[in-house]
Amino acid sequence: MQLSHAEEVQIRDAERAKTLTKTQKDTPLVKHIFTADPSAHVFEGKIYVYPSHDIECEGGPSVNDDGDQYAMRDYHVLSLSEDLTEATDHGVALSLEDIPWASAQLWAPDAAKKGNTYYFYFPARDADGLFRIGVATSDKPTGPFVAEESYIPGTFSIDPAVFEDDDGSFYLYFGGLWGGQLEHWQNNEYTSSAKQLAAEEPAFCPRVAKLSENMTSLDTPPKDILIYDEQGELIKAGDNHRRFFEAAWMHKHNGVYYFSYSTGDTHKIVYATGNSPLGPFTYQGTILEPVLGWTNHHSIVSYNGKWYLFYHDSTLSKGKSHLRSVKMAELKHDENGNIVTYKAYHE
Ligand code: FUB
């Protein structure tokens, strides 16, 4: 029987964990729960991290390429001490049973602050099993968050990331292949059969939409984010080391927009740069080499004059891809603005 990619990684990583746990450069921010998909932001002078909360599934997970093993049911919020040496878990901020429209799988979230309100964005499956993006609000960065009655109209797929530009506009980035269902959405319409692309066709695009003033709806329909290579050609579907898979993030450094993402089945975090939050972007290189575990997912935030990379790996669970832990490291841009590739393990 042919193994899925997820099963192959699971078998491989049980062995790799023995070495990589010894050579890891960073330790998990918290160890009493498993956390993943960290979205970090500075609110009121402190770093808050909005992660997924990984759990062991009852009866053991069914490991497959749709990600059924990622069966999360609630969210916790973490905050870091000012010297960044300690993390506090503020407990459950939102639970599946308190989200009227969601049926399962609380995947990678993000958060934003506008005025005195904190907005928590999260993907989940709706009653029909389609991933949608929801929003919940609180007057505190740690929640508890109160979810809207329905998901944000016009949203689909997974991995919301919210970016506030210098003019106070907010943009929502999202999308994810395979279990994230992005292949089912063309021109913002759902099709029951996933579109198949030939290797030479342009890859599936992540999406971006401007958020409305109220932060709970889209101001514009989602639009494709175009990512070009150095020759000015769109990155191809078969270019698995550079094409978008999931885990979108945006940061701005010296006036340049850095769009970063996971390449999925090649397990890297890479980036592309541009002059507008809406793109187009030109591919630049690797931010984070593959980590222990199937998924690679990150965020990048500036704090007290330094840049930090938040990411996760599966060292604490000894290589189980669905039980991950959030870590952090300093991230450097060189004098030309290029990001210096980070390796999470000593050679
Ligand atoms: O945590 C579930 C999914 O795994 C996320 O939504 C993806 O980005 C990947 O990290």
Return the percentage of antiparallel bridges among DSSP beta bridges fully within the range 5-331, rounded to the nearest 5 %.
-> 95
So how far apart, in nm, are the two label points at K318 and K195 if each is 7 Å from Cα heading toward Cβ?
-> 4.5
What accessible area per residue, rounded to a whole number of Å², is obtained for the range 5-331 using a probe radius of 1.4 Å?
-> 39
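Kindly state, to the nearest 0.05, the FRET efficiency for V340 paired with K22, given R0 = 30 Å and r defined as their beta-carbon distance.
Details: r = 24 Å, r/R0 = 0.80.
Efficiency for this residue pair is about 0.80.
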Of H32, L182, A71, which is farthest on the positive side of the dipole of the chain, counting Cα position, with +1 on Lys and Arg Cβ, -1 on Asp and Glu Cβ, and the Cα centre as origin?
-> H32
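Can you tell me, using C-alpha contacts under 8 Å and at least 6 residues apart, the relative contact order of the range 68-224 as a whole percent? Don't jump to the answer; show the numbers that get you there.
Working: 335 pairs, mean separation 24.4, N = 157.
Relative CO of the range 68-224 lands at 16 percent.
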Using heavy-atom solvent-accessible surface (probe 1.4 Å) with all chains present, what is the largest-first order of H53, H312?
-> H53, H312
Total charge dipole magnitude, the chain, about the Cα centre, Cβ charges on Lys, Arg, Asp, Glu only, Debye to nearest 20 | 640
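For a test of the definition: using alpha carbon positions, the gyration tensor, and the 1.5 limit on a/c, classify the range 132-204 as rounded, prolate or oblate. Spell out each step's value before the answer.
Numbers: a/c = 2.82, a/b = 1.84, b/c = 1.53.
Prolate, because a/c is 1.5 or more and a/b exceeds b/c.
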Under 16 Å from a point 7 Å along the Cα-to-Cβ line of S217: which residues of the range 154-169 have their amide N that close?
-> 154-155
Hits among lysines - C-alpha to C-alpha of K318 under 25 Å, sequence gap 8 or more where chains match = K18, K22, K25, K31, K268, K327, K343
What list of ³J(HN,Hα) values in whole Hz, one per residue of the range 227-243 in order, does the Karplus curve 6.51 cos²θ - 1.76 cosθ + 1.60 (θ = phi - 60°) give from phi, with Gly and Pro shown as x?
-> 10, 9, 8, 5, 8, x, 9, 4, 4, 8, 4, x, 8, 5, 7, 10, 7
Near-label residues of the range 289-322 by backbone N, under 20 Å of a point 7 Å along Cα→Cβ of D83 | 303-308
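Specify whether the C-alpha gyration tensor of the range 230-315 places it in the rounded, prolate or oblate class, a ≥ b ≥ c being the square roots of the eigenvalues: rounded for a/c under 1.5, otherwise prolate if a/b is larger than b/c and oblate if not. Walk me through the intermediate numbers first.
Numbers: a/c = 2.41, a/b = 1.03, b/c = 2.35.
The shape class here is oblate.
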Within straight-line cross-link reach of K195, aspartates and glutamates at Cα separation under 19 Å, skipping those fewer than 8 residues along the same chain | D65, D66, E183, D224, D239, E246, D265
Taking protein heavy atoms only, a 1.4 Å probe, and rounding to whole percent, the accessible area of the range 5-331 owed to carbon and sulfur comes out at 47
Projected label distance in nm at D229 and S103, using a 7 Å step from Cα toward the beta-carbon | 4.0
Theoretical ellipticity at 222 nm over the chain - DSSP helices of four or more residues, -39500 (n - 2.57) apiece, nearest 500 | -2000 deg cm²/dmol
For T155, enumerate residues with amide H under 5 Å from its amide H, sequence gap 5+ or separate chain, H modeled in the peptide plane.
-> I133
The range 5-331, relative contact order in percent, only Cα pairs under 8 angstrom and at least six apart counted = 18
Semi-axes of the equivalent ellipsoid of the range 5-157: what are they in whole Å, largest first, if each equals the square root of 5 times a C-alpha gyration tensor eigenvalue?
-> 27, 23, 12
If eta is 1.567 mPa s and T is 4 °C, what Stokes-Einstein diffusion coefficient results for the chain, Kirkwood Rh from Cα pairs, in µm²/s?
-> 65
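FRET efficiency for V42 and V146, Cβ-Cβ distance as r, R0 = 35 Å, nearest 0.05? Walk me through the intermediate numbers first.
Numbers: r = 23 Å, r/R0 = 0.67.
According to the calculation, E is roughly 0.90.
The values are calculated or read from the model by the stated rules, or taken from the named source; none is laboratory data. The shown structure was predicted, so the numbers you read here are calculated from the model rather than taken from an experiment. Don't worry about glycine lacking a Cβ; one is built from the backbone with ideal geometry, like all the others, and counts go over all protein chains shown. Note: areas computed on protein heavy atoms with side chains; ligands, DNA, RNA excluded. Shrake-Rupley method; radii C 1.70, N 1.55, O 1.52, S 1.80 Å.
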